[in-house]
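Any read-out appearing in this document is the output of simple, stated calculations on the displayed coordinates, not a laboratory observation. Predicted, not measured: the structure shown is a model, and the values here were computed from it.
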Amino acid sequence: MKVVTQLRLHDDLVLGILLAGETLGAEVLARVQAAGHPQVRYAHGFLFQVLVPGPRAVGDVAAALGISSQAVSKAVAELEALGYVERRPDPADGRRRLLALTARGKDAVQAGRDARAALGEELVAAIGPERAAAAAAAIADALEARGAMDAVRARRVRPAAGG
């Protein structure tokens, strides 16, 4: 029988990054909810990020997120009811409908940006600017090494499978 020992997070980079992501993600979400968006869920952020550059067709959103058009339509129905996303006619093809962030959706995105900026400042104050900059650079390098930066740059980060 293998004995499980408690590792220091300094010894397990991946676990440290995973736990930091979970902790900081929960803090950002709590701040977004407190900023007037109590019904926003973490998963909504993936759809929001795809719509930040502008309106997109359901199929394009589905492809970007690696999920079915039906799953996107279900999420959009929820976000429409909450006032975050709207469907509008495609000016180039009246038969198609495009998904777009509403003013409320854009406000939620800004609330997320504000929350991340505030948390970033708090982390810099807690660990110092040099360590914070080194950590940010190391994480970006780790993402690059895993081939994930193209998805980050293109706003095509997908939710974890089974998450």
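Things to note:
- Degrees separating the helix 103-127 axis from the principal Cα axis of the chain, which is the longest one: 10 degrees
- Checking (i) 1.62; (ii) 1.21; (iii) 1.06 against Cα Rg over 2.2 N^0.38 Å calculated from these atoms, the matching label is (ii).
- Per-residue Karplus couplings for the stretch 73-80, computed as 6.51 cos²θ - 1.76 cosθ + 1.60 with θ equal to phi - 60°, are listed in order as 4, 5, 5, 5, 4, 5, 5, 5 Hz, Gly and Pro entered as x.
- Stretched out straight at 0.36 nm per residue, the stretch from Asp93 to Lys74 would grow longer than its current Cα-Cα span by 4.5 nm.
- Mean Cα-pair separation over length for the stretch 33-157, i.e. relative contact order, pairs under 8 Å, 6 or more apart, %: 24 percent
- Each part reduced to its alpha carbon centroid, the stretch 88-122 and the stretch 34-61 end up 6 Å apart.
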